[in-house]
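The values are calculated or read from the model by the stated rules, or taken from the named source; none is laboratory data. Predicted, not measured: the structure shown is a model, and the values here were computed from it. Here Cβ is always computed from backbone atoms with ideal geometry, including for glycine, and neighbour counts include all displayed protein chains. When the accessible area is computed, the model is the full protein with side chains, heavy atoms only, and any ligands, DNA or RNA have been set aside. Shrake-Rupley method; radii C 1.70, N 1.55, O 1.52, S 1.80 Å.
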Amino acid sequence: MRLTNLDKVLYPEAGFTKAEVIDYYARVADVMLPHLKGRPLTLKRYPDGVEGFNFYEKRCPEHRPDWIKTATVLADRVGEIDFCLCEDKATLVWLAQLAAIELHPSLAKASNVDRPTILAFDLDPGPPADIIDCCRIAVRLRKLFEDFGMQSFPKTSGSKGLQVYVPLNAPKMGYERTGTFAHAIALLLEKQYPDEVVSKMTKKLRKGKVLVDWSQNNRHKTTVAVYSLRAKQHPTASTPIGWDELESALRAKKPDRLRFEAGQVLKRIEKHGDLFTPVLKLRQRLPEPPAPA
Amino acid sequence: MPRAIWSGTISFGLLNVPVKLYSAVSKQTVRFRELRESDGSRVRHKRVAEADGKEVSYDDIVKGYEFAPDQYVTLSRDELSELDPKKTRAIEIKDFVDLDDIDPIYFEHPYYLGPDKGAERAYALLTQAMDDARKVAVARFVLRNKEHLAAIRPMGDVLTMATMRFADEVTDPDDLRSELFEEKPGTPEKRELDMARQLIDSLSTDFEADKYRDEYRESLLAMLERKAEGKEVVSAASEEPEPTKAPDLMAALEESLAAVRGESSDEVPASGSNGGSSGGTKGKRSSKASSSSTKKGTSKSGSKSSSKATASKSKSASKAKPKTKSRAKAASK
C-alpha cells in the first residue's frame, strides 16, 4: 500500500493534514475495529478535503488491494453490492488514504443484514437548540430504557448532536421491530415533551427542538461509526461518553465539554479505554410488543 | 365439535382396529349467497332442458358421456351403481413406507382417525408401533362410492389419514415441459448460485404454520362485519400495505411504563457502569406518566383496546387504519 499526498490539508481551517487523518485512524484502530468488524461499511470520501467535493460510496472501490475484505449484500434496486469490511488496521489506514474521512457502518452485520445488533437514536438539534438540549433528551431516553430494564450508551455524533445506542445482540431481531420500537419511543418523547422533541424529519418543525431520529433503524441506513472523524471545520470525532459526563455537561450547560477532536479522543482512550465496549457484547431484549399481529 | 363422518376398520394381518373418521380441516372460505340486487330475493338455480326450457326433475336425469361432439352414451343410476366399489368398511393397509418417499403432491384431504368404542388398546398399539417404526401405512378404502388411496401416519398419539391421488391423476411435469419453460433455462453461474444460496440461508427458519394467515379472508370478514353494523364501507379492504404500528405500540409502551413506575418506582434496574442517576426527572416523569396509567393486569390483557383509545387521542395516530386491522383479527376468531 502506498500512502500519497500526505501533506495535503484535508481540514483547511484547522490545518489538519491527510497524514494526521491517517495517523489518527492508525492509533484509534484498536478500539475502533471491533465496532466495524463484520459490518458492511459505507464510506464518505472527501478527496479534496472537508470543504471540497464529497461522495458516499457503498460499493467497495474496484481498485482495491486484494487483501481488502468485502461482503456481498443484496440491495433492493441495484442488485448486489460488495461492501468493504474493515477488520484490520491496514484496511483502516487504506480507507484513510482514500480520504474516506467518515465511516458509516450498518447496524447489522454482513452475516445477517436484516438483524440489527443495535437500536440507535440520533438526537439532532434544530438551532437554536444545541447538544445540551440533546443531553436533556438523552437522559430521558436513558430513563425510558432503564424502566424496560435496558442499558443505553451515548456518544457524540462528532457534529452537532448526540447518538444513543441500545445494544441488542439478540438472535432473533429485525429492523421491523427495532424501527417500530424506536419510532414508538420517539413518538412517546414527542408526546411527553412536545415543546422540546420532534419525531418527524421535517426541518422546519425542528427549530429549537431536538429531532429524535428513529429512522436510522433501517436496513438501508447507516450511522456514523464510533470514533469516526467527521468532515467538519475541525477534525471532531464521534466519541463515546459516560452518562456522568453527559449529565455534568448538562448541569453546567457547557456544550464544549462534549466536543472532542482527534487528539482529545486519543487521550480519552488512553484514560478510559473504550467506553463503548458493552455495545459489542451486551445482550438485551426489547420488551415484547403488545399483541403479535 | 365436528362429528365422525364415517366409521370403518383398519385391517392388516391379524389386527383389526375399528376407527371413526373425522375431517382434519374446517374450510374457512367465506361463502356468499346469490341475491337479486333490486330486492335482495334469494336466487334459485333450476335444471332446465335445453330442448324446451322445461324444468327437469332429479329423477329424470341420467348421466351421459360425450364420446364425440353431441353424441352421448348414457348410463342410468342403476347401471352406475353396479360399478360402485364394494361397500366395504375396511381400511386395508397394503404397505408400510417411509414418509419421505411420498411426494406431497399426492396428498389430497387430511382426516383424523379415532378409535371406535372398545378399540382403544388396539388403536394405541398400532399408533405406537408405527411411530416406533417411523413408517407410514398406505391403505385403500371406500368412501362415498369412491375408492381411495390413503396414507395413515401417527401424529403424537393420534392417527391421521390423508387421502391420496392415484399416480395417473398426477400430471408428469415432462408432459408440461414446453408449457413450463418457454425457453430453455440456462445454467446458473456459480456466483449467482452462491448468492441465491446465501439468500435462502438468510431466510431459512423453522416452519410455523400459524405465521401465515389468510389476509384476504380476514379483511373480507372485517368488511362484512362493518357492513352488517350499518357502517359505510368505502375501501376497508384496500388498506395501505404496511400502516405503521408505532402509534399503537407507543401507547402500549406508555401504559406499561406507567405500570412499571407506579408499582415499583424505587426498583430501577441497574444502569451502566458509568453511573449517575437522573433522580430529579424521575419523580416528575412518573407522576406525569401515571396520570394515564392503568394497573399492570389491565394493561396486559386489555392493552390492545386501551392503547387504541390512547393512540386515537394523540395527533400522530394514523386515522382509522389500526382499527380496521384489529377488527379483522377479531372477526377471524
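Which residues, counting only those in segment A:93-135, are surrounded by fewer than 20 Cβ atoms within 10 Å (Cβ to Cβ), out of contact with any Phe, Trp or Tyr (no Cβ under 9 Å at 6 or more places or on another chain), touching a residue at least 40 places away in the same chain (Cβ under 8 Å) and within 14 Å of another protein chain (Cβ to nearest Cβ)?
Residues satisfying the conditions are A:K109, A:S111.
So how many residues does segment A:166-181 have that are within 14 Å of chain B (Cβ to nearest Cβ) and either surrounded by fewer than 20 Cβ atoms within 10 Å (Cβ to Cβ) or assigned to a helix (DSSP H, G or I) (or both)?
10
Which residue out of B:R153, B:R134, B:R121, B:R144 is under 30 Å from B:L83 (Cα atoms) and in the same structural domain as B:V17 (by TED's automatic domain parsing)?
B:R144
From the list A:V31, A:V50, which residue is in a loop (DSSP other than H, G, I, E, B) and closer than 18 Å to A:E261 by Cα?
On the way: A:V31 fails: in a loop (DSSP other than H, G, I, E, B).
Every option except A:V50 fails the conditions.
Considering only residues that are within 9 Å of another protein chain (Cβ to nearest Cβ) and small (G, A, S), look in segment A:239-253 and name the one that is nearest to the chain's Cα centre (by Cα).
Among those that are within 9 Å of another protein chain (Cβ to nearest Cβ) and small (G, A, S), it is A:G242.
Residues that are surrounded by fewer than 13 Cβ atoms within 10 Å (Cβ to Cβ) and of a type outside the set (S, T, Y): list the strands (runs of 3 or more DSSP E) wholly contained in segment B:1-111 that include at least 3 such residues. Talk me through it step by step, then tell me what you get.
Values: elements: B:6-12, B:15-23, B:63-68, B:71-75, B:90-97.
Strands (runs of 3 or more DSSP E) meeting the threshold: B:63-68.
Search segment A:190-209 for residues that are within 12 Å of chain B (Cβ to nearest Cβ) and pair each with any residue that is at pLDDT below 90 and open to solvent by 60 Å² or more (accessible area, probe 1.4 Å) when their beta-carbon atoms are under 7 Å apart and the residues are at least 6 apart or on different chains.
A:Q192/B:K288; A:V198/A:L205
Would it be correct to say that A:P65 is surrounded by fewer than 23 Cβ atoms within 10 Å (Cβ to Cβ), under 30 Å from A:V197 (Cα atoms) and away from chain B (no Cβ under 14 Å)?
Considered against the rule, which asks whether it is surrounded by fewer than 23 Cβ atoms within 10 Å (Cβ to Cβ), under 30 Å from A:V197 (Cα atoms) and away from chain B (no Cβ under 14 Å), A:P65 comes out as no.
Any chance you could count how many residues in segment A:146-165 are open to solvent by less than 10 Å² (accessible area, probe 1.4 Å), in contact with a helix residue (DSSP H, G or I) (Cβ under 8 Å, 6 or more places away or on another chain) and within 11 Å of chain B (Cβ to nearest Cβ)?
Going through segment A:146-165 one residue at a time, the tally reaches 3.
Sort out which residues of segment B:209-263 are within 10 Å of another protein chain (Cβ to nearest Cβ) and modelled with pLDDT under 75, and write them in order of number.
B:E242, B:T244, B:K245, B:V260, B:R261 - these are the residues of segment B:209-263 that are within 10 Å of another protein chain (Cβ to nearest Cβ) and modelled with pLDDT under 75.
Each row is one residue, and each column tells you yes or no for (1) aromatic (F, W, Y); (2) at pLDDT 95 or above; (3) open to solvent by 40 Å² or more (accessible area, probe 1.4 Å).
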site	(1), (2), (3)
A:T222	no, no, no
A:L229	no, yes, no
A:D244	no, yes, yes
A:L258	no, yes, no
A:E261	no, yes, yes
A:D274	no, yes, no
A:T277	no, yes, yes
A:R283	no, no, yes
A:P292	no, no, yes
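Return the total of residues in segment A:16-33 being surrounded by fewer than 20 Cβ atoms within 10 Å (Cβ to Cβ) and in contact with a strand residue (DSSP E or B) (Cβ under 6 Å, 6 or more places away or on another chain).
Qualifying residue count for the region: 1.
Every residue in segment A:50-63 that is more than 21 Å from A:H35 (Cβ to Cβ) and touching a residue at least 24 places away in the same chain (Cβ under 8 Å), please.
A:V50, A:E51, A:N54, A:R59, A:P61 - these are the residues of segment A:50-63 that are more than 21 Å from A:H35 (Cβ to Cβ) and touching a residue at least 24 places away in the same chain (Cβ under 8 Å).
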